[in-house]
Each structure stands twice: as C-alpha cells, then as structure tokens.
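The values are calculated or read from the model by the stated rules, or taken from the named source; none is laboratory data. Not measured: the values here are computed from a predicted model. Every residue, glycine as well, gets a Cβ built from its backbone with ideal geometry; the counts of neighbours run over all protein chains shown.
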Amino acid sequence: MPVSFFRSKFTAFRCKKLGALFAMAGLLSMPSANSLSAPSPAKPKAVTDWCTPLVARLPKVSLNDCKNSKLNPTDANSLNGFPVLFRDIKADAKHPQAIRVLLLGGIHGDEQTASSIVFKWMETMQKSPLEFNWKIAPVVNPDGLLAPKPRRVNARGIDLNRNFPTPNWQKEAPSYWARVTRSDPRRYPGKAPISEPESRWVYETIEKYKPDVIISVHAPFGVLDFDGPTTPPNRFGRLIYNRVGVYPGSLGNYSGLHKDIPVVTIELPNATQMPPDAEVQRIWQDMQNWIRQNVAAPLKTSSN
Ligand SMILES: [Zn+2]
C-alpha cells in the first residue's frame, strides 16, 4: 500500500482513526513515524509536571522520590498526551558485559503498588553498584493511573496486557474476550495488536533494547508467574511461584513463549497498600539472585 494512502487517509480521518492507522501502518513498513504523528494535547514537559500528578496516586512515593528517579520521556505519549517515562541505569564498571533487564510497572493503571515498588527499587539501584543493566518504565499506563478513578485499561478502554501481537491474535484475542471473560470491559484487547501507543512502546523497546529478561509488576494476586525458556523463580520475598494463566495478547505470552525472552510477572498482594519496606527489599534481592542464576550465565554463553 503506498505511503500516499496513509497520508491522504490520515488527513481525512485525523485523530479519530489514528490508533487504527498506526495498527495498519505497523503491519506494513512504515516510512516515518513522524509523518503520522498527530499534535498531542497539552502535554507535561518538566519533571515536576510529571511527578506531581503521579505521586498523588502512588502509595509511599513522595514528590522527591519521583524527582530523584530522574525519569525521561520516551517518544511515546499516552492517548491523553502523558509521556511514557523511562530511565536507563547501567551496571557498574565491573560488569561490562552485563545482561539487560527491562523492568515494567503499572501496565494496569489500577495496580498502584506495581508502580510504587518500581520507584522504590530505582532508589535502591541508585545507591549501590549494579551487576545488570536496567531499562525501567514504572508507569506504562499513565492514563489508567491518572484517570479520575484509577483503572486497569488505557484511555481508549483497552487492556494493554492483552494487546501484544501473539500469534493468531486476530482470531484468538477477541474471541477469548467474548467467550471466556464474557466481554469484561476491563479485559478488552482492542481491535488490533499493538494498536495502543503504550503497548507499542513496550513492543518497540523489546525489539530495540533486546532485553535478556523482562520483569513486569502487577497486583493483587500475591504470586509470581513466569513464561519463557528458563527455570521459573521459586519465590521472591513472600511471593511464591504459581501460574496465573496464559492469555492471548498478554506480555508474558508474547515475550516469554513466542520471543523466548523470559518474563517474570510479579503480582503484589495488594494494589493500593505497599508491602513493608523489608519485603520490598527482599523481593529485590531474590529477583537479583534468580536473574544471576538463571538468566545471566546461560544467555551470555550462548550469545558470545
Ligand atoms: Zn495487572
């Protein structure tokens, strides 16, 4: 399909159909993402602009905590114009070949602790030498978190964790939603995979950054889930390994089972109340140990 098709259609449909156009364009080779960018609504520009609304929603994260996390905007904006924020924190000089970890919080906007704990771990990371490279996005679904009442889905009502391009998505995701969830609006996968700017950012980050392991934090099931090619973790802190399930369009299904990138899903026990600080640190330590023993060594030898 020629580029002019998109341009002329883009002009005609403008913002309303932007998501669908992105989805279509993503399936073909898109000439330039910028040529399709719509002007965003007034978007926050400075760290205080981002942090003030975020910390109002995040248990145990102060404005200073948020500022000290030194997040940067990615080139992805939510549908409401809030940037997906990220930070790269590198391994120390003793680990020049360090593996890459992608740490994601808050893909579901009403799981506030899942974002808060990532801020807490970022604070820890900045205090001590690190053996892994981290790319961190503590609030993957800012519109869900910042909605008048925090909600799981993004501003268009899509469950981002059902919007990843697992094989046969078109066939499986909508029918699973209708049949198994009985069209639960909290689990709507959208009309096409990676139709949303937030899930598209995660997808593109996986393509470009090529993480060796992905950690995605959720709540409130109080377990660990795992998808992918290595040994699942037994426990992080008090959280015990217990499969939650495999869903069409989920990140674990997409990355763990189809991209062969191990994905640990951490389900904190409560979506609005943080675990005690000691437990936050135990989960962090156990996570490092598991990565060291199960991800770093085998993947490094196979890729070198
Ligand atoms: Zn969740």
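Data overview
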read-out: When residues of the stretch 160-186 are limited to those that are touching a residue at least 60 places away in the same chain (Cβ under 8 Å) and under 30 Å from Trp50 (Cα atoms), the one surrounded by the fewest Cβ atoms within 10 Å (Cβ to Cβ); value: Pro165
read-out: Where Asn168 falls short, out of the listed (1) at negative phi; (2) away from the ligand (no atom under 16 Å from the Cβ); value: (1)
read-out: Unique residue being in the same structural domain as Ile240 (by TED's automatic domain parsing), within 16 Å of the ligand (Cβ to nearest atom) and in a loop (DSSP other than H, G, I, E, B) when the list is Arg151, Arg186, Arg156; value: Arg151
read-out: Filter result (more than 16 Å from the ligand (Cβ to nearest atom) and farther than 24 Å from Arg179 by Cα) within the stretch 239-259; value: Ile240, Tyr241, Lys259
read-out: Count - residues of the stretch 241-268 that are more than 16 Å from Phe119 (Cβ to Cβ) and crowded, with 17+ Cβ neighbours inside 10 Å; value: 18
read-out: Strands (runs of 3 or more DSSP E) wholly inside the stretch 195-285 that include at least 1 residues being in contact with a Lys or Arg (Cβ under 7 Å, 6 or more places away or on another chain) and either closer than 27 Å to Lys60 by Cα or assigned by TED's automatic domain parsing to the domain that holds Ile158 (or both); value: 223-227, 239-241
read-out: Selection from the stretch 77-106 of residues that are out of contact with any Lys or Arg (no Cβ under 6 Å at 6 or more places or on another chain), surrounded by fewer than 18 Cβ atoms within 10 Å (Cβ to Cβ) and small (Gly, Ala, Ser); value: Ala93
read-out: Gly105 within 13 Å of the ligand (Cβ to nearest atom) and either under 30 Å from Ile291 (Cα atoms) or in contact (Cβ under 8 Å) with a residue 12 or more places away in the chain (or both); value: yes
read-out: For Arg162: the one exception among (1) within 14 Å of the ligand (Cβ to nearest atom); (2) under 30 Å from Lys70 (Cβ atoms); value: (2)
read-out: Enumeration of residues in the stretch 107-149 that are charged (D, E, K, R) and crowded, with 21+ Cβ neighbours inside 10 Å; value: Asp110, Glu111, Lys120, Asp143
read-out: Per-region count, the stretch 108-148, residues in a strand (DSSP E or B), within 14 Å of Trp284 (Cβ to Cβ) and within 16 Å of the ligand (Cβ to nearest atom); value: 0
read-out: Test: residue in the stretch 52-73 that is of a type outside the set (A, V, I, L, M, F, W, C), closer than 17 Å to Pro197 by Cβ and away from the ligand (no atom under 16 Å from the Cβ); value: yes
read-out: Residue tally, condition modelled with pLDDT of 95 or more and not aliphatic (A, V, I, L, M), over the stretch 25-64; value: 8
read-out: The stretch 58-106, subset of a type in the set (Lys, Arg) and not in a strand (DSSP E or B), residue farthest from the chain's Cα centre (by Cα); value: Lys94
read-out: Restricting the stretch 203-238 to residues that are within 15 Å of His258 (Cα to Cα) and either within 14 Å of the ligand (Cβ to nearest atom) or surrounded by fewer than 16 Cβ atoms within 10 Å (Cβ to Cβ) (or both), the residue that is modelled with the lowest pLDDT; value: Pro229
